[in-house]
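**Student:** Before anything else, here's the structure in question.
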Amino acid sequence: RAELAARGVPLLGKNDVWLGDLADVAQPAWADFVVNTLAARAAQKGFSGFFLDTADSVELLEKQFPQRGAAFRDGLVALVKALKAKFPQHPIIINRGFPLLARLAGAVDGVLAESLFRKYDWEKKRYVAVDPGDSQWLLNILRTVRQAGLPVYVVDYLDAGNPALAEETARRI
C-alpha cells in the first residue's frame, strides 16, 4: 500500500468477496507499477508467465464509479498490452475480464474462469452448486473464447472431503 501511495495510485475500495484492494487501474502509474515493478520482480525470480487474477474487478469499479468505466477498462487493457510488450515470451492468463477480451487479442494467452459448476457460497459458508442458468451463461462465453483460439481453464470449488463429487465435477468441466 505504501508503495502505491508513493506512486500516487489511489485505492478505491475493496473486493468484498476476496477482500483485496481495488486500485485505480485507470492511473498510468498503476500499470507502470505492475509491469515494471511487480512483473519485473517475478520475471527476475524465474517465473515464466503471469496470471492476472480478478480482472472482473474492473466491473466492480465501474459499478461504484460509472462515469469512469471507460477509463478503468482502458487502463486495464493498456496494462495487459504493456505487460505483453515488455515480456513477450511470458504467457498471460487472465481470470475472467470477458468484456475486454476482444481488445486484448494477441496480448492474452489464455482465460481462466472460476465456479462453472461448483462454488463456495460466502454468505452460507459452504460449498454449493452453481445455478444451472449461470453455468450455461459461463459455458457460452467459454465456448466463444475457445473458438477464438484461446485455451480455457476452469477452477471449481467443493469440499475436499467429497472425492466422488470432485471427480464428477472434473468430468463435467
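The values are calculated or read from the model by the stated rules, or taken from the named source; none is laboratory data. Predicted, not measured: the structure shown is a model, and the values here were computed from it. Here the Cβ is made from the backbone with ideal geometry for all residues, glycine too, and neighbour counts use every protein chain on show. The protein model used for the area step is the full one, side chains on, heavy atoms only, and it has no ligands, DNA or RNA in it. Shrake-Rupley method; radii C 1.70, N 1.55, O 1.52, S 1.80 Å.
**Student:** Here are the criteria: (1) within 14 Å of VAL108 (Cβ to Cβ); (2) buried (at least 16 other Cβ atoms within 10 Å of the Cβ). Tell me which single one ALA85 does not satisfy.
**Tutor:** Every condition holds for ALA85 apart from (2).
**Student:** Return yes when LEU61 is assigned to a helix (DSSP H, G or I) and in contact (Cβ under 8 Å) with a residue 40 or more places away in the chain and no when it is not. Spell out the reasoning first.
**Tutor:** Working: assigned to a helix (DSSP H, G or I): yes; in contact (Cβ under 8 Å) with a residue 40 or more places away in the chain: yes.
Taking the combined requirement at face value, the residue satisfies it.
**Student:** Now for a different question. Tell me yes or no: at least one residue of segment 35-43 is touching a residue at least 12 places away in the same chain (Cβ under 8 Å) and under 17 Å from ARG103 (Cα atoms).
**Tutor:** no
**Student:** One residue is enough: does segment 16-31 have a residue meeting the conditions among the acidic types (Asp, Glu), open to solvent by 80 Å² or more (accessible area, probe 1.4 Å), more than 22 Å from VAL145 (Cβ to Cβ) and part of a loop (DSSP other than H, G, I, E, B)? Explain how you work it out, then say what you get.
**Tutor:** Step one: filter segment 16-31 for residues among the acidic types (Asp, Glu), giving 16, 21, 24.
From what is left, the residues that are open to solvent by 80 Å² or more (accessible area, probe 1.4 Å) are 16.
After this cut, where a residue has to be more than 22 Å from VAL145 (Cβ to Cβ) as well, the list is 16.
Now narrow it down to the ones that are part of a loop (DSSP other than H, G, I, E, B): 16.
Yes, the conditions are met somewhere in segment 16-31.
**Student:** Scanning segment 88-129 for residues that are farther than 24 Å from SER48 by Cα and of a type in the set (Asp, Glu), which turns out most open to solvent (accessible area, probe 1.4 Å)?
**Tutor:** Only one residue tops the list, namely GLU123.
**Student:** Please find, among ALA71, ALA55, the residue that is in a loop (DSSP other than H, G, I, E, B) and touching a residue at least 24 places away in the same chain (Cβ under 8 Å). Give the derivation first.
**Tutor:** Values: ALA71 fails: in a loop (DSSP other than H, G, I, E, B).
When all the criteria are applied, what remains is ALA55.
Per-residue answers, yes or no, for (1) part of a loop (DSSP other than H, G, I, E, B); (2) touching an Asp or Glu at 6+ places or on another chain (Cβ under 7 Å):
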site	(1), (2)
ALA78	no, no
ALA85	no, no
ILE93	no, yes
TYR120	no, no
GLY133	no, no
LEU138	no, no
LEU158	yes, no
THR169	no, yes
